[in-house]
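Asker: One structure, pasted below without further comment.
The values are calculated or read from the model by the stated rules, or taken from the named source; none is laboratory data. The shown structure was predicted, so the numbers you read here are calculated from the model rather than taken from an experiment. In this analysis, Cβ positions are derived from the backbone assuming ideal geometry, glycine residues included, and neighbour counts consider all displayed protein chains.
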Amino acid sequence: MANLKNSFAGIKSPNPFWLASAPPTDKAYNVERAFKAGWGGVMWKTLGEDGPPVVNVNGPRYGAIFGGDRRLIGLNNIELITDRPLQLNLQEIKQVKKNWPDRAVVVSLMVPCEEDAWKTILPVVEETGADGIELNFGCPHGMSERGMGAAVGQVPEYIEMVTRWCKANTRMPVIVKLTPNITDIRYPARAAYQGGADAVSLINTINSITSVNLDIFAPEPTIDGKGTHGGYCGPAVKPIALNMVAEIARDEQMQGLPISGIGGINNWRDAAEFIALGSGNVQICTAAMTYGFKIVEEMISGLSNWMDEKGYETLDDFIGKAVPNVTDWQYLNLNHITKAKINQDLCISCGRCHIACEDTSHQAIMDSKDGKRHFEVKNEECVGCNLCVNVCPIENCIEMVTLKAGEIDERTGEKVSGNYANWTKHKNNPNSNG
Amino acid sequence: MGEGQLKKGIISERLNLDEYKENFCDLHSPLGQHEALVEAGRCYFCYDAPCQTACPAEIDVALFIREISNSNPLGAAKTIFDQNIFGGMCARVCPVEILCEEACVRQEAESKPVKIGQLQRFATDLAIDKNKQFYQAGDPSGKKIAVIGAGPAGIACAHRLSMYGHEVEIFDAKEKAGGLNEFGIAAYKSANDFAQKEINYILKIGNIKINTNKKLGSDFSLDDLSNKYDAVFLGLGLAGVNALGLKNEDAKGVQDAIDFIAELRQTKDKSKIAIGQNIVVIGGGMSAIDMAIQAKLLGAQNVTLCYRRGIEQMGASIYEQELATSKGVVIKHWLSPKKILTKKGQVTGIKLEYTSLKNGKLMGTKEKTTLEADQIFKAIGQNLISKNIKSLNLKNGRILVDDEFRTSNEKIFAGGDCIFDGEDLTVTASANGRDAAIAINKQLSKGAK
């Protein structure tokens with residue numbers, strides 16, 4: 001049996017599945033239920049400074065986009081940080097941590113960008129026995145208008161400064177949560193690293209308008225005829241998050257910086273992918289908000305069975321295992337040649353591969369043979385783009401076959417070279433150093 | 001089983017009123033909004049979609065389903081009506097299991113085709129209920145066209161001709177328009193007087209006049225019409241009924257299924273229809289199935305459908321056969337009627353001989369069986385009554401047309417069941433009418449130059 005025990009920035013948990021700072025972790029009732037369901041840890045929903053709590057809009061707070069069968073694939077929210085009194089949250093954090101000593105309880109924080117504000121809140125959080133803090137530098141709406149959240153996360157100097165304040169004023173590990181609403185994730189991440197962060201977590205939500213109500217001409221979610229950009233999350237953002245995680249994981253300046261992967265993780269496989277790209281653990285929110293806490297059972301058993309199958313005993317055996325294979329385009333092997341191949345036994349003849357290729361790509365799939373409806377790749381036209389694979393409704397019906405060295409590429413008429421050759425040395429590259 | 005079913009003789013009111021109501025309501029309840037969206041979401045929007053190729057009217061199925069998916073059901077209805085103005089009835093009566101849905105790639109992928117017929121009904125019902133009119137009569141051409149037969153072929157032809165600006169006059173022998181849609185389809189497939197509702201919707205285009213109770217041969221002749229009008233379209237259907245050729249075929253209790261089905265359709269209160277206790281239906285097509293099922297629904301105790309060939313050769317699809325058996329009809333294959341048994345002029349049973357195929361030829365095996373019956377319904381096909389169209393070339397007893405539905409008289413066109421190679425399907429009739437109208441318009445426009 002694979003061991004899913006997780007140690008992240010010094011914080012221990014029985015598994016790497018943590019709930020992200022969000023409504024599911026807003027109070028003891030939810031967190032207790034989450035721990036009962038089996039979650040390894042929680043990021044308690046962001047606390048602000050003492051005083052009158054923030055107020056939220058009274059609905060709607062979420063917008064969504066859907067895939068087929070109304071499957072939720074993207075969710076956006078305009079909720080702010082916790083709207084409950086600070087003392088109540090602190091009491092509950094203390095009690096929950098006492099009840100669940102083996103689970104990770106990390107507290108998300110967001111206070112104004114003044115050292116005193118941080119100096120005030122850090123000791124009271126520390127007193128709860130929480131395992132660590134997560135600095136919410138990502139919230140893209142509302143709080144950012146008040147100079148917090150993403151307003152800090154978009155300025156690397158502020159990130160470094162606040163991180164430094166926190167490190168100087170608490171014993172707790174400091175995890176810096178990053179906003180994706182920037183041009184290059186490496187700059188804010190490096191700032192956190194410079195400031196002494198114990199880890200970074202990403203991505204926070206993406207600025208978004210989910211849809212426009214065409215009856216009243218207002219963005220969704222609409223509050224009394226108006227809307228604002230909210231934070232976008234859910235399965236649709238996973239590719240963006242994976243890339244940002246990989247960019248940090250392979251950055252030479254941040255080697256060894258633990259990453260908590262967040263963004264559209266919906267099942268064990270998504271989690272494994274984040275871990276393979278260098279995440280020490282993962283945080284989940286939208287999947288739980290869609291299906292409830294029970295999904296963690298599938299995540300635990302799925303990851304565990306996959307690790308057993310692959311022979312990985314602990315998470316460390318594959319954390320970051322895919323990072324060395326993330327590279328720049330210029331280093332991709334231009335001598336690697338693939339051709340699509342349609343499995344005629346599996347093909348149901350929907351013809352989507354043909355029309356996609358014919359209308360929008362390389363005219364490399366025939367639609368008939370001997371006067372009959374038939375879809376087959378024309379190797380002499382196929383550039384191996386993979387579009388047909390992606391539009392095919394049947395799993396594994398079309399596969400990309402790699403030509404072996406010495407085989408003839410029917411498109412170019414040339415023999416496939418067995419040698420690696422990339423753009424840096426290509427004859428068409430004016431800057432070729434080859 | 002209700003005790004009414006055990007009563008002897010040919011009697012009405014075998015069931016209670018609620019049972020009649022339930023038995024003759026819609027065969028499939030229409031899809032709701034949610035069901036339609038889920039079902040539409042299953043469509044792959046295939047390239048050169050096989051469902052469209054399989055549709056005799058070549059409806060752009062993938063497009064109309066995508067329109068339903070994207071909250072545009074009226075756009076979907078127009079996509080359907082553009083090809084088949086009888087899209088509403090066809091959604092109810094088409095044997096989709098051997099047409100579009102059989103061709104659906106989901107059938108290949110997981111043996112569960114997209115419910116194309118049901119989705120078509122969803123869109124077309126909405127348009128008809130809202131009386132959303134997509135077409136208007138074209139600018140007057142000054143041409144007048146006569147259509148004989150107010151069935152799907154005739155009305156589809158008239159509708160398209162009206163779109164072109166021609167004036168159309170339809171003549172029908174019956175007291176009501178609709179043809180088989182009104183008189184020949186099982187009641188549970190056209191519940192709530194849908195056939196008339198649909199015709200009223202279609203005729204709103206205007207420029208079409210229907211003359212009922214006007215019979216070719218007695219009220220007018222083909223020559224009268226071809227002299228008076230710029231073109232004539234024949235959507236005659238098959239008004240003749242095939243006979244068994246047995247003794248006692250005129251006995252009390254022996255009846256043509258097609259007449260019984262028509263009577264049933266025209267009778268609002270189904271409890272008033274008398275039906276026997278033991279019923280034998282002879283035939284293997286849709287009328288035989290419709291007859292057998294409805295006999296059962298009227299409360300007959302035993303309904304046996306006898307067909308002289310096997311399952312595969314039956315005109316009715318496997319789906320229809322299973323529908324019949326699920327209602328309690330017993331289907332017996334390889335049985336050929338030999339003798340109608342009577343007592344005092346009333347049918348008491350039928351003697352049949354088992355058959356088999358020998359070298360591709362159907363032969364009697366000499367083994368016989370007898371079935372008790374107080375009613376025998378013949379559903380062994382219809383034929384074209386040709387005595388009033390003698391001037392036209394026929395083939396195998398039906399009207400021969402060219403690929404533009406032109407008969408041997410170039411002013412006269414024909415379509416639907418009455419033509420050679422006709423498919424006996426509402427959808428084919430509708431498509432024929434449409435295409436004949438296109439050809440007529442082409443021909444008349446040429447003449448105008």
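Asker: Inspect all residues belonging to region A:265-273 and state whether any of them is part of a loop (DSSP other than H, G, I, E, B) and at positive phi.
Answerer: Looking for residues that are part of a loop (DSSP other than H, G, I, E, B) and at positive phi, one finds none in region A:265-273, hence no.
Asker: Of all the strands (runs of 3 or more DSSP E) wholly in region B:333-441, which have at least 3 residues that are more than 30 Å from B:Gln83 (Cα to Cα) and modelled with pLDDT of 95 or more?
Answerer: B:335-343, B:346-358, B:361-372, B:375-378
Asker: Could you say whether any residue in region B:66-79 is within 21 Å of B:Arg434 (Cβ to Cβ) and outside any helix (DSSP H, G or I)?
Answerer: No, there is no match, as no residue in region B:66-79 is within 21 Å of B:Arg434 (Cβ to Cβ) and outside any helix (DSSP H, G or I).
Asker: Next question. Looking at region B:217-229, can you tell me whether even one residue there is touching a helix residue (DSSP H, G or I) at 6+ places or on another chain (Cβ under 6 Å) and touching a residue at least 40 places away in the same chain (Cβ under 8 Å)?
Answerer: No, region B:217-229 has no match at all.
Asker: Working only within region B:130-139, note down all residues that are in contact with a helix residue (DSSP H, G or I) (Cβ under 9 Å, 6 or more places away or on another chain) and at negative phi.
Answerer: Quick first cut of region B:130-139, residues in contact with a helix residue (DSSP H, G or I) (Cβ under 9 Å, 6 or more places away or on another chain) only: B:130-138.
Passing the criteria: B:Lys130, B:Lys132, B:Gln133, B:Phe134, B:Tyr135, B:Gln136, B:Ala137, B:Gly138.
Asker: I've got another one for you. Tell me which helices (runs of 4 or more DSSP H) are completely within region B:84-160 and hold 3 or more residues being more than 14 Å from every other protein chain (Cβ to nearest Cβ), or say none if there are none.
Answerer: B:87-93, B:116-129
Asker: If you don't mind, there's one more thing I want to ask. Go through (1) within 14 Å of chain B (Cβ to nearest Cβ); (2) touching a strand residue (DSSP E or B) at 6+ places or on another chain (Cβ under 8 Å); (3) not basic (Lys, Arg) for A:Asp345 and report which single condition fails.
Answerer: All conditions pass for A:Asp345, except number (2).
Asker: Then there is this: Which one of the conditions (1) within 14 Å of chain A (Cβ to nearest Cβ); (2) in a helix (DSSP H, G or I); (3) not acidic (Asp, Glu) does B:Cys46 fail to meet, given that it meets all the rest?
Answerer: Here B:Cys46 meets the rest and fails (2).
Asker: Turning to a different aspect of this structure: I want to confirm something. Restricting to region B:18-43 and keeping residues that are assigned to a loop (DSSP other than H, G, I, E, B) and closer than 11 Å to B:Val114 by Cβ, which single residue is nearest to the other protein chains (Cβ to nearest Cβ)?
Answerer: Initially, region B:18-43 is screened for residues assigned to a loop (DSSP other than H, G, I, E, B), giving B:24-32, B:41-43.
In the following step, the residues that additionally are closer than 11 Å to B:Val114 by Cβ were identified as B:41-43.
Values: B:Gly41: 5, B:Arg42: 8, B:Cys43: 10 Å.
Here the answer is B:Gly41.
Asker: For residues in region B:182-223 being of a type in the set (Asp, Glu) and assigned to a loop (DSSP other than H, G, I, E, B), which is modelled with the lowest pLDDT?
Answerer: Ranking the candidates gives B:Asp193 first.
Asker: Under 8 Å between Cβ atoms, at least 6 apart or on separate chains: pull out the pairs that start in region A:165-178 with a residue that is within 9 Å of A:Leu135 (Cα to Cα) and end on any residue that is outside any strand (DSSP E or B) and of a type in the set (S, T, N, Q).
Answerer: Short answer, once both residue conditions are applied: A:Val174/A:Thr163; A:Val176/A:Thr163; A:Lys177/A:Ser21; A:Lys177/A:Asn204; A:Leu178/A:Asn204.
Asker: Return the residues of region B:271-324 that are modelled with pLDDT under 95, surrounded by 21 or more Cβ atoms within 10 Å (Cβ to Cβ) and of a type in the set (A, V, I, L, M, F, W, C); say none if nothing qualifies.
Answerer: Hits for region B:271-324 are B:Met286, B:Met314, B:Ala316.
Asker: Tell me whether region A:398-415 contains one or more residues that are assigned to a loop (DSSP other than H, G, I, E, B) and within 14 Å of another protein chain (Cβ to nearest Cβ).
Answerer: Pass one, region A:398-415, residues assigned to a loop (DSSP other than H, G, I, E, B): A:403-407, A:410-413.
Imposing the further condition that a residue be within 14 Å of another protein chain (Cβ to nearest Cβ) reduces the set to none.
Scanning region A:398-415, I find no residue that is assigned to a loop (DSSP other than H, G, I, E, B) and within 14 Å of another protein chain (Cβ to nearest Cβ), so the answer is no.
Asker: Give the residues of region A:181-224 that are in a loop (DSSP other than H, G, I, E, B) and more than 20 Å from A:Lys238 (Cα to Cα), sorted by residue number.
Answerer: A:Gly195, A:Gly196, A:Ala197, A:Asp198, A:Leu214, A:Asp215, A:Ile216, A:Phe217, A:Pro221, A:Thr222, A:Asp224, listed by residue number.
Asker: Does region B:62-77 include one or more residues that are under 25 Å from A:Cys353 (Cβ atoms), out of contact with any Leu (no Cβ under 8 Å at 6 or more places or on another chain), of a type in the set (A, V, I, L, M) and within 13 Å of chain A (Cβ to nearest Cβ)?
Answerer: Within region B:62-77, one or more residues are under 25 Å from A:Cys353 (Cβ atoms), out of contact with any Leu (no Cβ under 8 Å at 6 or more places or on another chain), of a type in the set (A, V, I, L, M) and within 13 Å of chain A (Cβ to nearest Cβ).
Asker: Of (1) within 14 Å of chain B (Cβ to nearest Cβ); (2) at pLDDT below 95, A:Glu114 satisfies all except one. Which?
Answerer: That leaves (1) as the condition not met.
Asker: Does B:Val105 satisfy the condition of being aliphatic (A, V, I, L, M), within 26 Å of B:Gly299 (Cα to Cα) and not assigned by TED's automatic domain parsing to the domain that holds B:Gly154? Step through it out loud before you land on a result.
Answerer: Working: aliphatic (A, V, I, L, M): yes; within 26 Å of B:Gly299 (Cα to Cα): no; not assigned by TED's automatic domain parsing to the domain that holds B:Gly154: yes.
Here the answer is no, as B:Val105 does not meet what is asked.
Asker: Also, I was wondering about something else. I'm told A:Leu122 meets every condition in (1) assigned to a loop (DSSP other than H, G, I, E, B); (2) in contact with a helix residue (DSSP H, G or I) (Cβ under 6 Å, 6 or more places away or on another chain); (3) modelled with pLDDT of 95 or more; (4) surrounded by fewer than 24 Cβ atoms within 10 Å (Cβ to Cβ) except one. Can you identify the failing condition by its number?
Answerer: In the conditions (1) assigned to a loop (DSSP other than H, G, I, E, B); (2) in contact with a helix residue (DSSP H, G or I) (Cβ under 6 Å, 6 or more places away or on another chain); (3) modelled with pLDDT of 95 or more; (4) surrounded by fewer than 24 Cβ atoms within 10 Å (Cβ to Cβ), A:Leu122 misses (1) alone.
Asker: Now, a different point. What's the total number of residues in region B:297-354 that are without any contact (Cβ under 8 Å) to a residue 24 or more places away in the chain and either under 23 Å from B:Asn248 (Cα atoms) or of a type in the set (A, V, I, L, M, F, W, C) (or both)? Give the derivation first.
Answerer: Our first condition is that a residue be without any contact (Cβ under 8 Å) to a residue 24 or more places away in the chain; within region B:297-354, this holds for B:311-312, B:322, B:325-326, B:343-344, B:351, B:353-354.
Adding the requirement that they be either under 23 Å from B:Asn248 (Cα atoms) or of a type in the set (A, V, I, L, M, F, W, C) (or both) leaves B:311, B:343-344, B:351, B:353-354.
Number of matching residues: 6.
Asker: Can you report the number of residues in region A:158-176 which are touching a helix residue (DSSP H, G or I) at 6+ places or on another chain (Cβ under 7 Å), assigned to a helix (DSSP H, G or I) and farther than 18 Å from A:Val124 by Cα?
Answerer: Total satisfying the criteria: 3.
Asker: For B:Lys144, indicate whether it is surrounded by fewer than 22 Cβ atoms within 10 Å (Cβ to Cβ), within 26 Å of B:Asn409 (Cα to Cα) and in contact with a Phe, Trp or Tyr (Cβ under 6 Å, 6 or more places away or on another chain).
Answerer: On the way: surrounded by fewer than 22 Cβ atoms within 10 Å (Cβ to Cβ): yes; within 26 Å of B:Asn409 (Cα to Cα): yes; in contact with a Phe, Trp or Tyr (Cβ under 6 Å, 6 or more places away or on another chain): yes.
It is true that B:Lys144 is surrounded by fewer than 22 Cβ atoms within 10 Å (Cβ to Cβ), within 26 Å of B:Asn409 (Cα to Cα) and in contact with a Phe, Trp or Tyr (Cβ under 6 Å, 6 or more places away or on another chain).
Asker: Please work out if A:Glu145 is free of Cβ contacts under 8 Å to residues at least 60 places away in the same chain, away from chain B (no Cβ under 14 Å), closer than 30 Å to A:Glu220 by Cβ and not β-branched (Val, Ile, Thr).
Answerer: yes
Asker: List the residue pairs whose Cβ atoms are under 7 Å apart, where the first residue sits in region A:359-381 and is of a type in the set (Gly, Ala, Ser), the second is assigned to a loop (DSSP other than H, G, I, E, B), and the two are 6 or more positions apart or on different chains.
Answerer: These pairs meet every condition: A:Ser361/A:Cys385; A:Ala364/A:Lys378; A:Ala364/A:Glu381; A:Ala364/A:Cys382.
Asker: Looking at region B:18-56, which of its residues are hydrophobic (A, V, I, L, M, F, W, C) and touching a Ser or Thr at 6+ places or on another chain (Cβ under 6 Å)?
Answerer: Result: B:Ala40, single match.
Asker: Right, next: Considering region A:362-395 alone, what residues qualify as being away from chain B (no Cβ under 13 Å) and under 30 Å from the mean Cα position of the chain (by Cα)?
Answerer: Answer for region A:362-395, where residues must be away from chain B (no Cβ under 13 Å) and under 30 Å from the mean Cα position of the chain (by Cα): A:Gly384, A:Cys385, A:Asn386, A:Leu387, A:Val389, A:Asn390.
Asker: May I ask you to list the residues in region A:302-358 that are basic (Lys, Arg), touching a helix residue (DSSP H, G or I) at 6+ places or on another chain (Cβ under 6 Å) and outside any loop (DSSP other than H, G, I, E, B)? It would help to see each step written out before you state the result.
Answerer: Applying the first criterion (basic (Lys, Arg)) to region A:302-358 yields A:310, A:321, A:339, A:341, A:352.
Still in the running and touching a helix residue (DSSP H, G or I) at 6+ places or on another chain (Cβ under 6 Å): A:321, A:352.
The one that is basic (Lys, Arg), touching a helix residue (DSSP H, G or I) at 6+ places or on another chain (Cβ under 6 Å) and outside any loop (DSSP other than H, G, I, E, B): A:Arg352.
Asker: Now a separate question. So in region A:34-66, with the set limited to residues that are under 21 Å from A:Pro239 (Cβ atoms) and in contact (Cβ under 8 Å) with a residue 24 or more places away in the chain, which one is nearest to the other protein chains (Cβ to nearest Cβ)?
Answerer: Among them, the one singled out is A:Ile65.
Asker: Only one of B:Glu182, B:Glu175, B:Glu167 is surrounded by fewer than 23 Cβ atoms within 10 Å (Cβ to Cβ) and touching a Lys or Arg at 6+ places or on another chain (Cβ under 9 Å). Can you tell me which?
Answerer: Testing whether each residue is surrounded by fewer than 23 Cβ atoms within 10 Å (Cβ to Cβ) and touching a Lys or Arg at 6+ places or on another chain (Cβ under 9 Å) leaves just B:Glu167.
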